[in-house]
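Trainee: Below is the structure I would like to discuss, written out as structure tokens.
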Amino acid sequence: MEVRDTHSYTQDVDTLFKHFSDAEQVKIKHEALGARAINPVKFEATDSTLEVVLEREVPADVPRAMKKFLSDWNQVKQIESWTGTPGEGYRCDISIEIQGVPVSITGTLELKPEGTGCTNTVCLDISCGIPLVGKKLAELVASQSKTSMKEEYEYIKSALG
């Protein structure tokens, strides 16, 4: 199941990349979005690369039928590997693991110049190999991911002014 969205910003790609590269800003963002126990395990940035391993607990609105797989709070490990060229754009390969949940989340983020601003195209592939309930679980995670993407976009737009 694919979750895809493109977010437009008035800032240039380098400004947005610097925002993603700032460990303190990332922590503040995730706290504002409701996460807790945020732990930037790895945060190594240069002008053209970024390697991130971020652990955190995130809240989820889980229907009773899915409580066997997801909790109201879930431990998430997010791994990002960014490369790019200043002024031209950046690409991120991302994977997200939800501890104890048999769902695979992988994808890409692409920052590209657009006029005087930029766009961030987010594409996530969410899958679950469990027969019968796997599709419903993947749909639930996809729905939660769409909501999280929208909230993060609104937060970043506000934070960057």
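Trainee: Take the residues of the stretch 146-161 that are under 20 Å from residue 19 (Cβ atoms) and in contact with a strand residue (DSSP E or B) (Cβ under 9 Å, 6 or more places away or on another chain): which is surrounded by the fewest Cβ atoms within 10 Å (Cβ to Cβ)?
Mentor: 150
Trainee: Under 9 Å by Cβ, and 6 or more places apart or on different chains, what pairs join a residue from the stretch 141-161 that is touching a residue at least 12 places away in the same chain (Cβ under 8 Å) with one that is surrounded by fewer than 12 Cβ atoms within 10 Å (Cβ to Cβ) and not small (Gly, Ala, Ser)?
Mentor: Close Cβ pairs satisfying both conditions: 142/2; 144/61.
Trainee: For residue 41, work out the one condition from (1) under 21 Å from residue 153 (Cβ atoms); (2) surrounded by fewer than 14 Cβ atoms within 10 Å (Cβ to Cβ); (3) of a type in the set (Val, Ile, Thr) it doesn't fulfil.
Mentor: With respect to (1) under 21 Å from residue 153 (Cβ atoms); (2) surrounded by fewer than 14 Cβ atoms within 10 Å (Cβ to Cβ); (3) of a type in the set (Val, Ile, Thr), residue 41 is out only on (1).
Trainee: Return the residue satisfying two criteria in turn: it lies in the stretch 1-44 and is part of a strand (DSSP E or B) and of a type in the set (Phe, Trp, Tyr), and of such residues it is farthest from residue 88 (Cα to Cα).
Mentor: Restricting to residues being part of a strand (DSSP E or B) and of a type in the set (Phe, Trp, Tyr), the top hit is 43.
Trainee: Something else now. Of all residues in the stretch 101-118, count the ones that are in contact (Cβ under 8 Å) with a residue 12 or more places away in the chain and surrounded by fewer than 18 Cβ atoms within 10 Å (Cβ to Cβ).
Mentor: 10
Every residue, every condition in (1) more than 15 Å from residue 148 (Cα to Cα); (2) modelled with pLDDT of 95 or more; (3) within 14 Å of the chain's Cα centre (by Cα), yes or no:
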{"position": "61", "(1), (2), (3)": "no, no, no"}
{"position": "70", "(1), (2), (3)": "yes, no, no"}
{"position": "81", "(1), (2), (3)": "yes, yes, yes"}
{"position": "84", "(1), (2), (3)": "yes, yes, no"}
{"position": "90", "(1), (2), (3)": "yes, yes, no"}
{"position": "93", "(1), (2), (3)": "yes, yes, yes"}
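Trainee: Is it the case that some residue within the stretch 136-145 is within 18 Å of residue 56 (Cα to Cα), of a type in the set (Val, Ile, Thr) and surrounded by 14 or more Cβ atoms within 10 Å (Cβ to Cβ)?
Mentor: The answer is yes, given that some residue of the stretch 136-145 is within 18 Å of residue 56 (Cα to Cα), of a type in the set (Val, Ile, Thr) and surrounded by 14 or more Cβ atoms within 10 Å (Cβ to Cβ).
Trainee: Here is a further query. Return yes when residue 31 is without any contact (Cβ under 8 Å) to a residue 12 or more places away in the chain, surrounded by fewer than 13 Cβ atoms within 10 Å (Cβ to Cβ), over 17 Å from residue 21 (Cβ atoms) and under 18 Å from the mean Cα position of the chain (by Cα) and no when it is not.
Mentor: Yes, satisfied.
Trainee: Here's something else I'd like to know. Going through the stretch 1-27 one residue at a time, which ones are closer than 26 Å to residue 72 by Cα and without any contact (Cβ under 8 Å) to a residue 12 or more places away in the chain?
Mentor: 24
The values are calculated or read from the model by the stated rules, or taken from the named source; none is laboratory data. Just so you know, these numbers come straight off a predicted model, no measurement behind them. Counting neighbours? That spans all protein chains shown, and the Cβs are built from the backbone with ideal geometry, glycine included.
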